[in-house]
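Take a look at the structure set out below.
All of the numbers you see were taken from the coordinates with simple rules; none came from a lab. Only a predicted model underlies this, so the values are computations on that prediction, with no experimental measurement involved. Ideal geometry is used to build each Cβ from the backbone, glycine not excepted, and the neighbour counts take in all protein chains shown.
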Amino acid sequence: MSRYNRHTILSEIGQQGQDKISNAKVLVIGAGGLGCPVLQYLTGAGIGTLGIIDFDVVSESNLQRQVLFGTSVLGINKAIAAKERLEDLNNTITINTYPKRLTHKNAVALFKNYDIIVDGTDNFETRYLVNDASILAEKPLVYGGIYKFEGQVSVFNYKEGPSYRCLFPTPPEKGSVPNCSEIGVLGVLPGIIGTMQANEVLKIILELGNVLSGKLLYYNALTAQTTSLKINKSEAEIEKGLNNKPFFNTLSEEFDCTISIPEISIKEAFKNINLQFIDVRESDEQPKITSLNPVYLPLSELENNLDKIDSEKTKVIFCQAGIRSKSAVSILQKHRINNSYSIKEGALEIIEFINNNGK
Amino acid sequence: MKLTIKYFGLLAELTQCNEEEIEFSGANVSDLKDVLFQKYEALKIKDFQVAQNNELTTNKTTVTATEIALLPPFAGG
């Protein structure tokens, strides 16, 4: 396949290495400043299965550094918006999205479905959760953290190596260390640190070079200085992570990745009566489907217009590709507006169906 | 002995310098922290790790190197 030619012609990788990449499963926690470059490069590299978990939606202030997003996806869940962009980059891989919060209840079961976990989170609470769940699920964790102009990278739980708790045993007091949204961050910094994380992921998969295990790489963007610090393994600290087991639901039940968003085809939709069609595209998006007589509620304004939704009717939501309509249903579910469905097809396919079958 | 202390992240802001020299006559990292806490009271409530010779230490580690780094955790992502 010519897609991976620049990898396969490297004698250190070759087709054999590329096959390892194709067979790998990587879960990225957080599709933000760090997660975006990680996802971009791992998708380009052809990681066979990529998971993206993020409960947050894209906002304008993200665009300064979160390179997978543009103005067209403002208000859309980050995992879903990232998938939309990444599928254009590489549609030969599987991308699972989890537009929800990572919790003690779902983390371990989710991690068990993957080979490598990447931490792109933005708060200590989740970082310690990710670390402990990685220990319990026995998965290596590629860590990255940033502060204004400085970044840290390391690989934890790799081949019995140290964990995040060996570096920083206990979470700092809430609010004692500000995050990017509170204090600001140089836009390229997460690009640099996230790219280093993607590099560590590939090294682990390819078994190439020296994985950054047992070391913390520190980078200062203003001085271009890097420092590498040795981290010693502390069984006692790892034990603490393991002792948190009772807080976790470690039953390896099938993780619910279908996100329970009801989807139907346009054909099925017409089988129902008393429908309210909702077009969640932005007002300038074409073609309009006037024959459905939809309510026009762009996704970005949906939450402010819930009063326009008819509680007596079955809500059938569509958009250009069938992705934003899913986000819309999850927003409605959040507000306990049930009986809402996302149409699988996009606007063009819906029109084609109407033209072929009549309404 | 004279030690060069390097401060990272928000610790550099707190101390208003990236690095400085201090005179140290104590034995271990815990003693060193006491010296630094006296100089910068606000350090007391901060979480950080101390490295010497680019290796993380514990409170009981004997201070042998002249270059020490204070490293806080980074939340952002």
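Annotations for the structure displayed:
- Degrees separating the helix B:29-39 axis from the principal Cα axis of chain B, which is the longest one: 60
- Cross-link partners of A:Lys100 among lysines, defined as those whose alpha carbon lies under 19 angstrom from its own and excluding same-chain residues fewer than eight positions apart: A:Lys78, A:Lys83, A:Lys112, A:Lys326, A:Lys334.
- Alpha-carbon centroids, the range A:38-116 and the range A:324-352: separation in whole Å: 20
- Within the same chain, aspartates and glutamates fewer than 8 places from A:Lys267 are excluded, and of the rest, those with a Cα less than 15 Å from its Cα are A:Glu345, A:Glu349, A:Glu352.
- Cα-Cα over 27 Å, subset of A:Lys25/A:Lys215; A:Lys233/B:Lys44; A:Lys20/A:Lys105; A:Lys25/A:Lys315; A:Lys25/A:Lys245; A:Lys25/B:Lys46: A:Lys20/A:Lys105; A:Lys25/A:Lys315; A:Lys25/B:Lys46
- Taking a straight Cα-Cα cut-off under 13 Å and skipping sequence neighbours fewer than 8 places away in the same chain, the aspartates and glutamates within cross-link reach of B:Lys6 are B:Glu19, B:Glu20, B:Glu21, B:Glu67.
- Loop-located trypsin sites (Lys or Arg not before Pro) in chain B, at most 10 other Cβ atoms within 10 Å (DSSP): B:Lys60
- Between helix A:124-137 and chain A: long-axis angle, C-alpha atoms, 0 to 90°, nearest 10: 80
- Judged by the gyration tensor of its Cα atoms, with axes a ≥ b ≥ c, the range A:5-255 is rounded; a/c sits under the 1.5 cut.
- Helical runs (DSSP H, four residues minimum) scored at -39500 (n - 2.57) apiece and divided by the length of chain A put the mean residue ellipticity at 222 nm at -9500 deg cm²/dmol.
- Computed extension gain for B:Thr62 through B:Ile22, at 0.36 nm per residue and net of the alpha carbon distance, reaches 12.7 nm.
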